[in-house]
1. Pairs only if they're at least six apart or on different chains, beta carbon under 7 angstrom, first in region 44-73 and acidic (Asp, Glu), second surrounded by 17 or more Cβ atoms within 10 Å (Cβ to Cβ); list them, first residue then second.
2. When the residues of region 103-129 are filtered to those that are in a loop (DSSP other than H, G, I, E, B) and of a type in the set (D, E, K, R), which remaining residue is modelled with the lowest pLDDT?
3. Tally the residues that are part of a loop (DSSP other than H, G, I, E, B) and loosely packed, with under 15 Cβ neighbours inside 10 Å, restricting the search to region 1-28.
4. Among the listed residues Arg5, Arg12, Arg48, Arg37, which satisfies the condition of being among the basic types (Lys, Arg), more than 18 Å from Leu89 (Cα to Cα) and modelled with pLDDT of 95 or more?
5. From the residues in region 55-79 that are surrounded by 20 or more Cβ atoms within 10 Å (Cβ to Cβ) and in a strand (DSSP E or B), which one is farthest from the chain's Cα centre (by Cα)?
6. Of the residues Gly154, Gly75, only one is among the small types (Gly, Ala, Ser) and modelled with pLDDT under 95; which?
7. If you take the residues in region 107-132 that are surrounded by fewer than 16 Cβ atoms within 10 Å (Cβ to Cβ) and polar (S, T, N, Q), which one is farthest from Glu77 (Cα to Cα)?
8. Just give me the residues in region 28-43 being touching a residue at least 24 places away in the same chain (Cβ under 8 Å) and more than 18 Å from Val143 (Cβ to Cβ), in sequence order.
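The values are calculated or read from the model by the stated rules, or taken from the named source; none is laboratory data. Keep in mind it's a predicted model, so treat the numbers as computed, not measured. Using ideal geometry, Cβ is built from the backbone for each residue, glycine included, and neighbour counts are taken over all protein chains shown.
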Amino acid sequence: MIKSRTRFYFIRHGETELNKLGLYSGSTNIPLNEMGRLQAQAAAKWLRAHPIKSIAASPLLRAFETASIIGQQIGIEPVVIHELQECHLGVMERQPHQGTWPEYAHKWRSGFTFEEGEPFEDFRNRVVRAVDQALALEGPVLVVAHGAFGMALGHALGHEHVSFDNAVPHHIEPHEKYEHGWRIAPLAKHDFDESA
């Protein structure tokens with residue numbers, strides 16, 4: 001469970017060539033493609049209207065590059081937190097999705113792991129530690145990380161399934177109605193779903 005009951009922002013990195021080709025990225029260290037850079041610039045325009053004080057970034061190039069593009073536009077230098085990096089998917093890294101990610105994510109949460117991959121429970125615990133480290137920075141904090149990282153974060157915050165598109169900023173805050181519940185919503189959505 002996240003220790004700090006404070007609002008923060010989360011964004012998955014912009015598009016990469018592996019994303020474009022429908023391949024698993026995992027811990028593979030690859031840069032943004034041109035579309036990913038444009039997406040990061042567009043996200044920065046959304047984020048300028050929000051009171052962000054710190055940016056915490058995964059060390060993997062695609063996330064750090066996204067954080068740097070946003071940071072340049074809002075005047076904040078990203079802080080690298082190593083545990084924000086994406087899960088290791090073992091033998092499936094750089095292999096095609098073939099439409100299997102939702103099925104794998106469900107199996108992964110239930111205990112199955114790709115050969116040489118990171119077990120979900122270990123990853124989820126790392127995600128919680130990483131976000132706790134990020135939230136120790138001056139807030140509100142923008143966390144810049146990855147797709148599976150966001151899915152595991154959502155799970156840790158009490159959501160059965162949450163997915164994050166490339167470079168779509170989300171606002172995450174404690175839910176007033178429930179002691180341990182959290183709201184997760186894209187910044188473009190102004191009315192929160194009370195059932196979330």
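1. Going by the 7 Å Cβ cut-off, the qualifying pairs are Glu65/Leu32.
2. Taking region 103-129 as the starting set, the residues that turn out to be in a loop (DSSP other than H, G, I, E, B) are 110-119.
With of a type in the set (D, E, K, R) added as a condition, the list becomes 115-116, 118.
On the way: Glu115: 86, Glu116: 90, Glu118: 94.
Here the answer is Glu115.
3. Step one: of region 1-28, the residues part of a loop (DSSP other than H, G, I, E, B) are 1-7, 13-16, 22, 24-28.
Still in the running and loosely packed, with under 15 Cβ neighbours inside 10 Å: 1, 3-6, 22.
Residues meeting the conditions: 6.
4. Values: Arg5 fails: modelled with pLDDT of 95 or more; Arg12 fails: more than 18 Å from Leu89 (Cα to Cα); Arg48 fails: modelled with pLDDT of 95 or more.
Unique residue meeting the criteria: Arg37.
5. Going residue by residue through region 55-79, those that are surrounded by 20 or more Cβ atoms within 10 Å (Cβ to Cβ) are 55-58, 60, 62-67, 69-71, 78.
Applying the additional criterion that residues be in a strand (DSSP E or B) yields 55-57.
Details: Ile55: 13, Ala56: 11, Ala57: 10 Å.
Only one residue tops the list, namely Ile55.
6. Working: Gly75 fails: modelled with pLDDT under 95.
Just one listed residue meets the conditions, Gly154.
7. Of the residues in region 107-132, the ones surrounded by fewer than 16 Cβ atoms within 10 Å (Cβ to Cβ) are 107, 110-112, 115-116, 119, 121-122, 125, 129, 132.
With the extra rule that they be polar (S, T, N, Q), the set shrinks to 110, 125.
On the way: Ser110: 38, Asn125: 27 Å.
Only one residue fits best here, namely Ser110.
8. First, the residues of region 28-43 that are touching a residue at least 24 places away in the same chain (Cβ under 8 Å): 28-32, 36-43.
Thr28, Asn29, Ile30, Pro31, Arg37, Leu38, Gln41, Ala42, listed by residue number.
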